[in-house]
1. May I ask you to list the residues in the range 240-255 that are of a type outside the set (Gly, Ala, Ser) and either surrounded by fewer than 19 Cβ atoms within 10 Å (Cβ to Cβ) or on the phi > 0 side of the Ramachandran plot (or both)?
2. Which residue out of Pro292, Pro304, Pro272 is in a loop (DSSP other than H, G, I, E, B) and either outside the structural domain of Val91 (by TED's automatic domain parsing) or out of contact with any Ser or Thr (no Cβ under 8 Å at 6 or more places or on another chain) (or both)?
3. I'm checking my understanding of the structure. Among residues of the range 16-26 that are of a type outside the set (A, V, I, L, M) and within 19 Å of the chain's Cα centre (by Cα), which one is surrounded by the most Cβ atoms within 10 Å (Cβ to Cβ)?
4. Assuming Val85 fulfils every condition listed in (1) under 24 Å from the mean Cα position of the chain (by Cα); (2) within 27 Å of Pro272 (Cα to Cα); (3) surrounded by fewer than 14 Cβ atoms within 10 Å (Cβ to Cβ) apart from one, which condition is it?
5. I'd like to verify a number: residues in the range 308-348 that are of a type in the set (Lys, Arg) and without any contact (Cβ under 8 Å) to a residue 40 or more places away in the chain, how many?
6. Any residue at all in the range 252-262 that is under 30 Å from Leu136 (Cα atoms) and among the β-branched types (Val, Ile, Thr)?
7. For residues in the range 27-70 being hydrophobic (A, V, I, L, M, F, W, C) and more than 23 Å from the chain's Cα centre (by Cα), which is surrounded by the fewest Cβ atoms within 10 Å (Cβ to Cβ)?
8. State yes or no: is Asn132 at pLDDT 95 or above, closer than 30 Å to Asp306 by Cα and of a type in the set (S, T, N, Q)?
Amino acid sequence: MIVNQWVPAAHKGDAIGDSARRVRGLLREMGHESNLYAMTIDDDLRGDVIPWTDTSARKGDLTIFHFALVSPMTAEFAKLPSGRVLQYHNVTPAHFFAGYDAAIYRLAMLGREDLKSLVGHTDRALGDSEYNRQELADLGFTNTGVFPIAIDTGRITSAPRRPALEDILSENGWLNFLFVGRIVPNKKIEDHIKLAEHYKRYVDEQYRFIFVGRTDATPKYYAAIRAMLERYRMPEGRFIFTGPVPDEDLATYYRTASVYISLSEHEGFCVPLLEAMAADVPVLAYSSTAVPDTLGGAGVQFAPKDLEYAAELLGELAYNDDLRTQVIARQRARLADFGDDRIRKELERLTSS
């Protein structure tokens, strides 16, 4: 069987593209012919990912279309005669970008309209979380299901050590609290700053909040975060924004983290939660959108968003060794649900139906 995958953009380190390449590898192991096609391809992926204009892109027995943004791929996917499998990775609601970026606001609005245009033009409609599957069903898609992101945790667990960076992150004996992802409004970075104020007041003053990920996705929002840090008069070195980093550095940030924190108010899946679990970093997460689906009862989740209470939970996760041991054990068990064995079973169902 020929199983093709389409992604609008193939970027190394992007969760969707990385997942699609891993799925392609598993499909080939299972004896299928499989290729990945994209409109935009990073230079270091050329030769590995095929341009979407290639005629072979439309010759799959099955075509898995990874949807996360508006693109010309949507209309072309709808025209395929059969074997149309939509995998929905969610579109961040536009209201998060109001006041920060009019262009992204418009793209988010168009993205949801683009998605709706596929109702009645898919053979399977899969969300990578139950939250996303439910959104598809609410829009009118039929034959829905869940197909999780395929994640390679080895890039975290098997990465070489970076002793110099480890030494820097161990300076002063401060605990490191980690966030990984783009600095964009739905991630609610401002709530991390508020959490730090409560933590300093009620638990400890020896801490360091580290944010690993692009800061240029929504420049006006990042500027607002920097202004907020100045307004709160945060001490030097307590809030670090690294920008994008290579896998070796990312693994080091996970290894040296005491707790991984997610205060996001919109997630379609949230791969860093799995990376943190793979690195045995206890997770503290606001229980929002797809976060409960991904964690599945693992980590420490809280709702409503009471940051004073969250600071107490953070202190417990940081210093209560018995609690940390219990949380890490639950996270290891949950992580097994996202292994290659499960992905193969889902692919077997898909290719045999």
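The values are calculated or read from the model by the stated rules, or taken from the named source; none is laboratory data. Bear in mind that the values here come from a model prediction, so they are computed numbers and not experimental data. Every residue, glycine as well, gets a Cβ built from its backbone with ideal geometry; the counts of neighbours run over all protein chains shown.
1. First pass over the range 240-255, keeping only residues of a type outside the set (Gly, Ala, Ser): 240-242, 244-250, 252-255.
Selection gives Ile240, Phe241, Thr242, Pro244, Val245, Pro246, Asp247, Glu248, Asp249.
2. Within the list Pro292, Pro304, Pro272, the selection yields Pro304.
3. Ser19
4. (3) is the only condition that Val85 fails.
5. Here the count works out to 2.
6. yes
7. Among them, the one singled out is Met30.
8. Yes, satisfied.
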